[in-house]
Amino acid sequence: MNMSMVTPMSTPMSADLQTPAATAASDEAATPSSRAERWRMILGSESQDSCGAPGAGLAAMEAALAALYEPAGPGGLSRRGGRGGSAPNVARWLGDIRKYFPTSVVQVMQRDALQRLNLRQMLLEKEMLEGLQPDVHMVANLVSLSGVIPAETKQTARLVVRKVVEELMRKLEEPMRSAVTGALDRARRSRRPRHAEIDWNRTIRANLKHWQASHNTLVPQQLIGYGRKSRRPQREVTLCIDQSGSMAASVVYSSIFGAVMASLPAVATRLVVFDTAVVDMTEQLDDPVDLLFGVQLGGGTDIHGAVGYCQSLIREPRNSILVLISDLYEGGVETRLLARAQELVEAGVQFIVLLALSDEGRPAYDQALAAKLAALGVPSFACTPDAFPGLMAAAIRRDDIAQWASGNGLVPTSPAR
């Protein structure tokens with residue numbers, strides 16, 4: 001059984017975390033081999049009567065799980081008392097889970113420790129931070145705590161964030177760059193192309209009626225080519241990002257994609273974040289780490305005000321794409337937002353709402369408002385980071401975005417009746 005699939009049973013959680021004394025440094029990491037051992041890892045110490053004691057080499061692995069998911073049991077901590085002297089035990093536990101579990105499981109356990117044991121304080125300690133396995137959720141937590149991180153910890157926090165950003169850039173930059181540049185080239189067709197610029201698939205389809213059966217050949221009377229690259233931007237793209245706490249992972253991914261698009265001369269990219277105030281972060285797109293530390297996660301939401309600001313930036317509506325990334329819980333005036341959305345659509349702007357830009361599953365959002373926007377021609381759906389480059393390519397080609405989303409396994413909100 002792959003331990004990445006193990007989800008220990010939920011148990012009462014304490015305000016602290018401590019590795020039980022049974023976790024000995026001499027224990028060797030092992031993989032549960034029998035069905036009983038696998039169930040023992042899943043169910044914890046309460047299954048000892050039915051599954052038996054952990055086998056050789058599994059005691060340390062079970063102790064690491066028990067420290068997080070059974071803190072009230074043997075070796076765990078009670079709910080009484082503060083953090084006190086627990087920091088060394090937390091550091092040891094962080095080392096243990098990295099030793100015994102794959103990265104994907106480590107990230108889940110760290111996230112559980114932060115959320116279920118109220119251990120966000122450990123992100124403020126340099127020693128703790130150095131022992132963490134960085135991921136998108138860790139970055140989101142660090143960004144949300146950026147205003148209270150001690151001075152001696154800030155440099156370590158930036159290094160953690162930069163590591164995650166660089167890993168995501170390596171993964172996402174080339175697909176994004178290829179999708180956008182390919183879509184731009186194909187969006188500008190030439191009827192007098194050079195030989196290297198001929199789009200042979202479209203040329204053949206356009207000239208099938210000129211097939212010469214006697215010569216077994218096709219005479220291309222009309223050549224269709226890809227457009228030559230223009231020195232001026234061909235599309236204006238504005239990413240308008242809700243920075244409420246629930247959108248934390250979306251903010252991280254949006255910043256990275258925004259930085260990639262900003263490096264493409266053919267796309268004029270802007271990035272705007274908002275809560276009750278609107279902040280234009282376009283000038284920080286050259287460094288996603290600086291951008292992220294400039295974001296203030298949390299607070300209220302005024303979507304209408306943010307969309308209004310973005311509308312004021314648009315110069316060529318029919319060449320503009322506005323991507324609003326928000327759960328649509330509007331703190332402003334909904335009717336004014338809908339009126340603004342209708343103005344944008346009628347002007348020719350490609351207006352798209354992403355309810356989330358993350359891989360966290362189905363998001364919570366205002367379904368009624370999403371349906372009203374869909375009725376105006378503004379598709380709303382959640383998008384994974386892997387699908388985002390394809391979405392931008394479809395928007396650049398001016399495809400039907402709702403149809404594209406459905407064809408790619410993304411479920412757009414149905415229009416209100």
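The values are calculated or read from the model by the stated rules, or taken from the named source; none is laboratory data. On a predicted model such as this, the values are computed, not experimentally measured, just so you know. In this analysis, Cβ positions are derived from the backbone assuming ideal geometry, glycine residues included, and neighbour counts consider all displayed protein chains. What goes into the accessible areas is simple: the full protein's heavy atoms, side chains included, and nothing from ligands, DNA or RNA. Shrake-Rupley method; radii C 1.70, N 1.55, O 1.52, S 1.80 Å.
Key figures for this structure:
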| quantity | calculated |
| --- | --- |
| Selection within the range 170-185 - more than 13 Å from residue 389 (Cα to Cα) and surrounded by 14 or more Cβ atoms within 10 Å (Cβ to Cβ) | 185 |
| Odd one out for residue 373, checked against (1) under 25 Å from the mean Cα position of the chain (by Cα); (2) farther than 28 Å from residue 266 by Cβ; (3) at pLDDT below 95; (4) not β-branched (Val, Ile, Thr) | (3) |
| Any hit, the range 280-293, residues being open to solvent by 10 Å² or more (accessible area, probe 1.4 Å), more than 15 Å from residue 239 (Cβ to Cβ), at pLDDT below 95 and β-branched (Val, Ile, Thr) | no |
| Matching residues, the range 199-218, being part of a loop (DSSP other than H, G, I, E, B) and modelled with pLDDT under 80 | 199 |
| Filter pass, residue 416 being crowded, with 19+ Cβ neighbours inside 10 Å and either out of contact with any Pro (no Cβ under 8 Å at 6 or more places or on another chain) or in contact (Cβ under 8 Å) with a residue 12 or more places away in the chain (or both) | no |
| Hey, residue 402 within 21 Å of residue 178 (Cα to Cα) and modelled with pLDDT under 95 or not | no |
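Yes/no matrix, rows are residues, columns are (1) among the charged types (D, E, K, R); (2) surrounded by 24 or more Cβ atoms within 10 Å (Cβ to Cβ); (3) touching a strand residue (DSSP E or B) at 6+ places or on another chain (Cβ under 8 Å); (4) modelled with pLDDT of 90 or more:
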| residue | (1), (2), (3), (4) |
| --- | --- |
| 233 | no, no, yes, no |
| 244 | no, no, no, no |
| 270 | yes, no, yes, yes |
| 276 | no, no, no, no |
